[in-house]
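Following: one structure in structure tokens, then a few remarks.
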Amino acid sequence: MAIVKTITELKEYFSTDGSFDFKTVLPYVELAEDELKRVLGPEQYNELNDYYESNPTGEDIITELDALLPYAQRPVVYFAFLKGLDTFNVSIV
């Protein structure tokens, strides 16, 4: 279960220089999603995750879950970077 699965989704919410390997962040997404589950609660998280997993692309109808998804994905990406920060070769300027 994950509402952030691709490097493209990571890059949508977090930018780095061209040399950063986003694949190094993906293992931390699951840990970050544990934090989101705690905040949203298991029912809301599971509803959002099920929607993300089954949402057919190209639908014109925007639901409440479409509106919620980016607000849930952004902190997952930030938490994933935070959780893995000590293993990344990162300079914060």
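The values are calculated or read from the model by the stated rules, or taken from the named source; none is laboratory data. Here the structure is a predicted model, which is why all the values come from computation and not from measurement. Neighbour counts run over all protein chains shown; Cβ positions are idealised from the backbone, glycine included. For accessibility, only protein heavy atoms count, side chains too; no ligands or nucleic acids. Shrake-Rupley method; radii C 1.70, N 1.55, O 1.52, S 1.80 Å.
Annotations
- Residue pairs meeting the criteria (Cβ under 7 Å; at least 6 apart or on separate chains; first more than 16 Å from L40 (Cβ to Cβ) and charged (D, E, K, R), in the stretch 73-85; second at pLDDT 90 or above and open to solvent by less than 10 Å² (accessible area, probe 1.4 Å)): K83/A32
- Flag if L82 is in a helix (DSSP H, G or I), open to solvent by less than 30 Å² (accessible area, probe 1.4 Å), at pLDDT 80 or above and among the hydrophobic types (A, V, I, L, M, F, W, C): no
- Among the residues listed as T8, T57, the single one being at pLDDT below 90, within 13 Å of the chain's Cα centre (by Cα), open to solvent by 60 Å² or more (accessible area, probe 1.4 Å) and of a type in the set (S, T, N, Q): T8
- Members of the stretch 17-40 found to be within 13 Å of Y78 (Cβ to Cβ) and not in a helix (DSSP H, G or I), listed by number: V25
- Extreme residue, most open to solvent (accessible area, probe 1.4 Å), among residues of the stretch 21-34 that are more than 11 Å from the chain's Cα centre (by Cα) and touching a residue at least 24 places away in the same chain (Cβ under 8 Å): P27
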